[in-house]
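K.L.:
This is the structure I have questions about; it appears just below.
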Amino acid sequence: MPEPWTIDLRAQLSKDHNCKLNFMTNVMKFELQGRQTIKARAHCEDKRAFDTSRVTGEPRFKIQQCDVVSC
């Protein structure tokens, strides 16, 4: 059973970025200034990736598309 926050993130990515979530990496849950925080990298089926975060009590995730990096 998926955690409630993953359902929220999947819906927001689909609506705002036309992203069908494939999987997540770098999932971190921690407390910051007394508030539960969730960070994760979301990977779409079309190969795009987004860094996401949300603090407990906020209705929406902050979502930033990852830029392509080449070394």
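K.L.:
Of all alpha-carbon pairs in the chain, indicate the percentage at a distance above 16 angstrom.
P.N.:
Percentage above 16 Å: 46.
K.L.:
Ok, one more. Give me the dipole magnitude in Debye, nearest 20, for the chain about the Cα centre, with unit charges on the beta carbon: positive for Lys and Arg, negative for Asp and Glu.
P.N.:
Around 40 debye, computed over the chain.
K.L.:
Ordered by residue, what ³J(HN,Hα) values in Hz, to whole numbers, does region 44-51 give under the Karplus form 6.51 cos²θ - 1.76 cosθ + 1.60, where θ = phi - 60° and Gly and Pro are x?
P.N.:
Result, rounded to whole Hz: 7, 4, 8, 6, 6, 9, 9, 8.
K.L.:
Taking amide hydrogens as modeled 1.01 Å from N in the peptide plane, which residues meet the under 5 Å criterion relative to N22, leaving out close sequence neighbours?
P.N.:
For N22, the qualifying residues are H43, C44, E45.
K.L.:
Helix 4-17 sits at what angle to the longest principal axis of the chain, using alpha carbons and giving 0 to 90 degrees rounded to 10?
P.N.:
Helix 4-17 and the main axis of the chain meet at about 40 degrees.
Laboratory data are not the source of any read-out in this text; all were calculated from the coordinates shown. These numbers were taken from a predicted model, which means no experiment stands behind them. Note that each Cβ is placed from the backbone with ideal geometry, even for glycine, and that neighbours are counted across all protein chains shown.
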